[in-house]
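Here the structure comes first, spelled out in structure tokens, and everything after it is commentary.
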Amino acid sequence: MWGLNKKTGKGIMDKKENYHEMSQDIVFGRNSVKEAIKAKRSINKIFVSKGAKDGSIREILELAKDSRHIIVEVTKSKLDELCMPFGHSGNTGNHQGIAATLSPHEYADISDIIDKAEKREEKPFIIILDGVTDTNNFGSIIRSAEAMGVHGIIIGKRRSAPVNAAVDKASSGALSNMLIARVPNISNAIKELKDNGVWVLAAVQGETSMRETNMKGALAIVVGSEDDGVSRLVKENCDYLAAIPMKGKTSSLNAAVAAAIAIYEKCEQDRER
């Protein structure tokens, strides 16, 4: 419940309610909430700011009502508090007047990703993130991957950005339509993919260009962190290594940009068949 802070005159949330809501997953922003509804994610409540009644908000609320979700009209300050952990420099996350609480994110198994490809009658196309810890990069990679038809993303339990509201916001809601498998060991995950007929390519610097590498068919692309790249052990377990051709003086790319280019190159090669 909300009350009034006698010193500041601002609304404050009851500690029990705050604990309950913060123990759930949160998505915020118009695209993220809309995609969560459309993907039939397990939404507990949708919070909308009083007075936020423009076209895109009305569209989201109509979808929510059709799906019989609970809608709660709240003050902007409550939304600010819910999204504060996902902001920067003391500012709250950019909720755009709407947020939702959901049951904790359910991770997929690698077999779920393989099954998704089979149901589409497609060869598995998977992204493996090795040490990508930045939530904005993670979200951007999810967005590019979903848009280009990737069947799933594999991350490690350690040295990886968590799946949270900041990632969902950075993905513009694409997280709701992407399978994410979280594994204890990336190298073991690569072995499981190979057992399922999937070739594994590591995107690294100084190797044969991706344009000169056969990326057609069942493939997993490993993208490493900006600081360290793909780890030595993971590279040793990959089938082959390839680089994004670069002509300028800049020696490396943002992880999200590198992933998007690699995904596009694979899709272009598949179209050439």
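The values are calculated or read from the model by the stated rules, or taken from the named source; none is laboratory data. Because the structure is a prediction, the values reported are computed rather than measured. Cβ placement follows ideal geometry from the backbone for every residue including glycine, while neighbour counts extend to all protein chains displayed.
At-a-glance table
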item: Scope region 135-163; condition out of contact with any Phe, Trp or Tyr (no Cβ under 6 Å at 6 or more places or on another chain), surrounded by 19 or more Cβ atoms within 10 Å (Cβ to Cβ) and over 17 Å from A262 (Cα atoms); matching residues; result: T135, I155, G156, S160, V163
item: Hits in region 186-231 - residues which are under 22 Å from the mean Cα position of the chain (by Cα) and among the acidic types (D, E); result: E226, D227, D228
item: Test: A166 is under 17 Å from A260 (Cβ atoms), of a type outside the set (D, E, K, R), in contact with a Gly (Cβ under 9 Å, 6 or more places away or on another chain) and at pLDDT below 95; result: no
item: Failed condition for C83, given (1) free of Cβ contacts under 8 Å to residues at least 60 places away in the same chain; (2) outside the structural domain of N177 (by TED's automatic domain parsing); (3) assigned to a helix (DSSP H, G or I); result: (1)
item: Residue within region 193-209 that is within 15 Å of A262 (Cβ to Cβ), touching a Pro at 6+ places or on another chain (Cβ under 7 Å) and surrounded by fewer than 21 Cβ atoms within 10 Å (Cβ to Cβ) present; result: yes
item: Residues of region 36-50 satisfying the condition of being outside any strand (DSSP E or B) and over 21 Å from G87 (Cβ atoms); result: I37, K38, A39, K40, R41, S42
item: Candidates S103, S89, S111, S67 - the one that is among the hydroxyl-bearing types (S, T, Y), under 21 Å from the mean Cα position of the chain (by Cα) and over 15 Å from F28 (Cα atoms); result: S111
item: Any hit, region 164-184, residues being under 18 Å from L241 (Cα atoms) and in contact with a strand residue (DSSP E or B) (Cβ under 7 Å, 6 or more places away or on another chain); result: no
item: Residues of region 213-270 satisfying the condition of being among the charged types (D, E, K, R) and under 18 Å from R159 (Cβ atoms); result: E226, D227, D228, R232, K235, E236
item: Condition met for K247 (in the same structural domain as I141 (by TED's automatic domain parsing), touching a strand residue (DSSP E or B) at 6+ places or on another chain (Cβ under 8 Å) and charged (D, E, K, R)); result: no
item: Matching option when the condition is farther than 17 Å from I142 by Cα and at pLDDT below 90, among S231, S252; result: S252
item: Looking only at region 214-257, and only at residues there that are small (G, A, S) and farther than 22 Å from G149 by Cα, the one that is surrounded by the most Cβ atoms within 10 Å (Cβ to Cβ); result: G229
